[in-house]
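This report concerns only the one structure given below.
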Amino acid sequence: MFRIRTYNQIALRGLERFPRDRFEVASELSEPDALLLRSHPLGGADIPPTVKAVARAGAGVNNIDVAHCSARGIPVFNTPGANANAVKELVVAGLLLASRHLREGLDWVAGLRADSEADLHRQVEEGKKHFQGRELRGRTLGVVGLGAIGSRLAHTALSLDMNVIGYDPALSVDAAWRLPSQVAPMASLEALLARADYVTLHLPLLDATRNLIGAAQLAPMKEDAVLLNFARQGIVDDAAVAEALRAGKLRGFVTDFPSLALTGVPGVLALPHLGASTGESEENCAVMAAEALTDFLENGNIRHSVNFPDLILEPGPGVRLAVTNRNIPKMLGQVLSVLADADINVIDMLNKSRDELAYNLLDLEEEPTEAAMARIRALEGVVNARLVRP
């Protein structure tokens, strides 16, 4: 039985993906094989020695000590794209909020006092001129980050008759295939910012993206442009945005991440981190995380890890050995040498590396002895080794 310790409230649809005859899932479990969480902060000291994997039901992993997990050979899984539709819809709402003065109009109507239907109608007709907005049709949307969310948003914006330009220096082949041909690629972030009427950000928070949008990037933007951040807090320098808004150098800022620097600043629409807050999104994330953990624990396969390479080896005959090692020369040869000394034939194998780690799956004709496993684990550079299907 594999033991999965959960944190936060995980959607039931995801928990049901763990086969009950082979998995025990609960929030209070000792010696767990894996941890499943959402926003719960997970430091290195919080991860028991028995843990083989960590999965977050969500895209960002800022709440997890990924470096510690990598040092211990623990893959950290996330669920990219599972909440893409929820975020896309919220961005569209942000575009409309910033263009049609919807919040101001709603607040104004809520404060009306009338003694008759005729009086109410008169006030509405007189007051609506203060909330004249602009249409999205014909405007240019700049999408920074063209992954699962950005590509969906591009499709939707085109259906709204917007012009769409995009920039993503790390665009993958799969992501490129998802993009509509009408999206005009920009050679640089600066080129996109100068042309767009609306700029929406869809990037992970990394060292390279922290404060990606600051005073220098805001300077070439149109004075009536609107910036939207539904990605991660920290990608935008909120103080610089506040200054640009106060100086009339920016029309509006719609963000899912309130901050003190933005409080009370005209033109700011701040939402309480609602991007993935739908029942459907939470279910999708939970299902994706559960499936990733199940496939890893039962088959050794890795999909959607933030610190390990994706590696899928279809189940075959024999016993499967999973080895994680530092990405240095001759490691696989040393493992094969130990197996050869033990007269164990390799039926199939696959190995890949990512940054400082390498991961190997080997299907063997017979199970290695404890002595052979001990020799493999003792090799300099091996982080961990386990039999996946003994």
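No lab work stands behind these numbers, since they all come straight from the coordinates. All of these numbers come straight from a predicted model, not from anything done at the bench. Cβ atoms come from the backbone with ideal geometry, glycine included; neighbour counts cover every protein chain shown.
A few comments on the model shown:
- Between region 263-342 and region 81-147, the Cα center-to-center distance that results, in Å: 40 Å
- Helix axis angle, 331-341 relative to the chain longest principal axis, alpha carbon, degrees: 30 degrees
- Phi-based couplings in Hz for region 312-321 (Karplus 6.51, -1.76, 1.60; Gly and Pro marked x): 10, 10, 4, x, x, x, x, 10, 9, 10
- Summing Cβ point charges (Lys, Arg +1; Asp, Glu -1) relative to the Cα centre of region 241-283 gives a dipole of roughly 500 debye.
- Residues M186, M288, M373 arranged by fewest to most Cβ contacts within 10 Å: M373, M186, M288
- Exposed-site-free run, longest, the chain (rule: GluC sites (Glu not before Pro); DSSP loop; at most 16 other C-beta within 10 Å): 224-355
- Residues in region 196-203 carry Karplus couplings, in order, of 7, 8, 9, 10, 10, 9, 9, 10 Hz; the curve used is 6.51 cos²θ - 1.76 cosθ + 1.60 with θ = phi - 60°, and Gly or Pro positions show x.
- Put simply, the convex hull of the Cα atoms in the chain casts, on average, a shadow of 24.0 nm².
- For the chain, the mean residue ellipticity at 222 nm estimated from helices alone is -9500 deg cm²/dmol, where every DSSP H run of n ≥ 4 contributes -39500 (n - 2.57) and the total is divided by all residues, rounded to the nearest 500.
- Remark on R232: its backbone amide H falls under 5 Å from those of L203, a criterion applied only to residues 5 or more positions apart or on other chains, H modelled at 1.01 Å from N.
- Taking only Cα atoms of region 312-390, radius of gyration then Dmax in Å: 11.5, 32
- The residue among L120, A175, N85 whose Cα reaches farthest toward the positive pole of the charge dipole of region 82-184, with charges on the beta-carbon of Lys, Arg, Asp and Glu, is A175.
- Close amide H contacts of L364 (hydrogens built in the peptide plane, cut-off under 5 Å, sequence separation of 5 or more or a different chain): V319, R320, L321, I347.
- Qualifying trypsin sites (Lys or Arg not before Pro) in region 82-115, DSSP loop, other Cβ atoms within 10 Å at most 15: R113
- Neighbour cut-off at most 10 other Cβ (10 Å), DSSP loop, trypsin sites (Lys or Arg not before Pro), region 325-390: K330
- Across the options G252, I4, M349, the greatest Cα extent toward the positive end of the charge dipole of the chain (unit charges at beta carbon of Lys, Arg, Asp, Glu) belongs to G252.
- Across region 278-289, computed HN-Hα scalar couplings (Karplus, 6.51 cos²θ - 1.76 cosθ + 1.60, θ = phi - 60°) run 10, x, 5, 5, 4, 5, 4, 5, 5, 5, 5, 5 Hz from first to last residue, x flagging Gly and Pro.
- Taking all Cα pairs closer than 8 Å and separated by 6 or more residues, the relative contact order of the chain comes to 15 percent.
- Take every Cα pair under 8 Å whose residues are at least 6 apart in sequence, average their separation, divide by the length of region 85-176, and the relative contact order is 30 percent.
- Put a plus charge on the Cβ of each Lys and Arg, a minus charge on the Cβ of each Asp and Glu, and nothing anywhere else: the dipole of the chain about its Cα centre is then about 760 debye.
- Rounded to the nearest 10 degrees, the angle from helix 117-127 to the longest Cα principal axis of the chain is 80 degrees.
- Taking amide H as placed 1.01 Å from N in the peptide plane, M162 has its amide H under 5 Å from the amide H of G138, each at least 5 places away in sequence or on another chain.
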